[in-house]
Amino acid sequence: MAIYDTEEEQLEQLKKWWEANSTSVVAGIVGAVVLVAGINFWQKYQHDARSQVSQMFQEVLDSEAKNNFDSVEKISEKIVAEHSSSTYAEFALLQEVKAKVERGDLEAAKVILVKELNNIDSPVLKHVCRLRLIQLLLATKDYEPALKLIAEVDPATTEGFSANYDELQGDVYVALDRLDEARTAYQSALRTGQATPLAQFKLDDLAMPALNENPVK
């Protein structure tokens, strides 16, 4: 590095350096300012968006509590349309399904769940959607599609949900009068230790006819 004898020489060299590099320096400073401003804007936008969709979802819950199913559907549809990448959109769809079921529109509810199953990424929510769809298929007497949907589930991915699948499978078998298979399904659900209290009652109900057919002498 050159050593200058006087302040005048140092100042002169600084002027020359600035003339040669001022454009790139200013551009760098402006670029940094723009980058910081952009990051701040994006963070604020995300925060505002989260606050907005959170408030909208609360309105869904409030409407549901008042049995205002029209409002539940309208707000849920708006959340899905405007915040499709948000987790709130997935929960809003489930609330919309529930509203349609309450209104007796089971076919529309099934359509939403089928679409959701094809688009959803969360394994937990996928199980929730599938289980609700199976329940609707059972309610509309679409027994074979319900069994097919259960059969397509990978047992390795059903931790925490296997009892639900087994119990629903038992319900479908009962509806089809395939009682031996229903007993096996209910027993499988009970072995998990996570079955609903109704599973044991359902199994007991299946055992009662067999006792009546073979009374103890």
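With respect to V72, determine if the residue is under 22 Å from the mean Cα position of the chain (by Cα) and either modelled with pLDDT under 85 or of a type in the set (A, V, I, L, M) (or both). The answer is yes for V72.
Is it true that A156 is more than 25 Å from V97 (Cβ to Cβ) and under 22 Å from the mean Cα position of the chain (by Cα)? Even if it seems obvious, please write down each step before you answer.
On the way: more than 25 Å from V97 (Cβ to Cβ): yes; under 22 Å from the mean Cα position of the chain (by Cα): yes.
Spelling it out, A156 is indeed more than 25 Å from V97 (Cβ to Cβ) and under 22 Å from the mean Cα position of the chain (by Cα).
Just one of the listed residues (V80, V111) is at pLDDT 85 or above, in a helix (DSSP H, G or I) and under 23 Å from the mean Cα position of the chain (by Cα), and it is V111.
Annotation note: Cβ proximity below 9 Å between a residue of region 114-127 that is on the phi < 0 side of the Ramachandran plot and in a helix (DSSP H, G or I) and a residue that is modelled with pLDDT under 85 and hydroxyl-bearing (S, T, Y) (sequence gap 6+ or interchain) occurs for L125/T87. Against the conditions (1) at pLDDT 85 or above; (2) touching a Ser or Thr at 6+ places or on another chain (Cβ under 7 Å); (3) farther than 30 Å from E152 by Cβ, V53 satisfies every one except (1).
Does T158 satisfy the condition of being over 30 Å from D121 (Cβ atoms) and among the hydroxyl-bearing types (S, T, Y)? For T158, the condition - over 30 Å from D121 (Cβ atoms) and among the hydroxyl-bearing types (S, T, Y) - is not met.
Scan region 144-157 for residues that are surrounded by fewer than 17 Cβ atoms within 10 Å (Cβ to Cβ), part of a helix (DSSP H, G or I) and of a type outside the set (V, I, T) and jot them down. Of everything in region 144-157, those that are surrounded by fewer than 17 Cβ atoms within 10 Å (Cβ to Cβ), part of a helix (DSSP H, G or I) and of a type outside the set (V, I, T) turn out to be E144, P145, K148, A151, P155, A156.
Go through the residues of region 164-171 one by one and say whether even a single one is more than 25 Å from the chain's Cα centre (by Cα), assigned to a helix (DSSP H, G or I) and not polar (S, T, N, Q).
Our first condition is that a residue be more than 25 Å from the chain's Cα centre (by Cα); within region 164-171, this holds for 170-171.
Retained after the next criterion (residues that are assigned to a helix (DSSP H, G or I)): 170-171.
Within this subset, residues satisfying the condition of being not polar (S, T, N, Q) are 170-171.
Looking through region 164-171, at least one residue is more than 25 Å from the chain's Cα centre (by Cα), assigned to a helix (DSSP H, G or I) and not polar (S, T, N, Q).
The values are calculated or read from the model by the stated rules, or taken from the named source; none is laboratory data. Source: prediction; values computed, not measured. Because the Cβ atoms are built from the backbone with ideal geometry, glycine has one as well, and the counts that use them run over all protein chains shown.
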